[in-house]
Amino acid sequence: MINVEHPIATTPLPDLPSPLVAALADEARQLAVDATGRLRSVVLSVGDAQVEIEWAPADFPGTPEPETPEPDPPAQVPVVVTAPTVGVFRLAPEPGAPPLVTPGQPVDPDTPVGLLESMQVGSPVPAGVHGTVCRVLVDDGRAVEYGQPLVEVAAAQPGHAI
């Protein structure tokens with residue numbers, strides 16, 4: 001089926017000598033309509049049956065730019081929550097209690113992902129972002145240094161609920 005809105009489809013064909021040549025002309029017209037790029041010329045011959053279709057080079061003025069697909073969004077890199085000071089990292093507020101966070105758990109910026117104990121005082125370590133806990137990187141009761149990665153959080157994209 002010829003796209004009747006295409007300029008080639010609306011150009012009238014001359015009277016053709018046979019149904020076979022008319023069919024060949026229709027096929028050439030359809031090929032030109034369906035093809036991408038800018039058509040430069042079409043040649044049809046009856047003697048020794050020749051069909052030639054030529055497209056303009058890509059840099060020819062007026063040639064449409066090829067469609068480029070939208071790039072995939074970049075892979076989300078987890079936000080790493082780091083130790084704000086030196087101390088002993090605690091996953092739970094007290095021995096035997098459940099951990100403050102576990103992988104898969106949603107968090108907001110104020111959610112404590114653990115406690116950092118120094119001189120017998122436990123200070124909460126906030127997640128700092130809205131998102132979901134990916135991994136806890138430090139075992140309970142381990143000594144940590146300033147800036148050491150503690151927990152990975154997949155930050156929620158703006159406008160998306162966690």
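Points to keep in mind about this one:
- Number of the condition not met by Glu70 [criteria: (1) open to solvent by less than 90 Å² (accessible area, probe 1.4 Å); (2) over 30 Å from Pro149 (Cβ atoms); (3) at pLDDT 70 or above; (4) not hydrophobic (A, V, I, L, M, F, W, C)]: (1)
- In segment 78-94, residue least open to solvent (accessible area, probe 1.4 Å) [restricted to those that are over 20 Å from Asp108 (Cβ atoms) and assigned to a strand (DSSP E or B)]: Phe89
- Of the residues making up segment 119-146, those that are hydrophobic (A, V, I, L, M, F, W, C) and more than 18 Å from Pro98 (Cα to Cα) are Met119, Val121, Val129, Ala143, Val144.
- Filtered by the rule that a residue be surrounded by 13 or more Cβ atoms within 10 Å (Cβ to Cβ) and part of a strand (DSSP E or B), segment 95-122 gives Pro106, Val107, Pro112, Val113, Gly114, Leu115, Leu116, Glu117, Gly122.
The values are calculated or read from the model by the stated rules, or taken from the named source; none is laboratory data. Quick caveat: nothing in here was measured; it's all calculated off a predicted structure. When we count neighbours, we look across all protein chains shown, and the Cβ atoms used for this are built from the backbone with ideal geometry, even at glycine. Note: areas computed on protein heavy atoms with side chains; ligands, DNA, RNA excluded. Shrake-Rupley method; radii C 1.70, N 1.55, O 1.52, S 1.80 Å.
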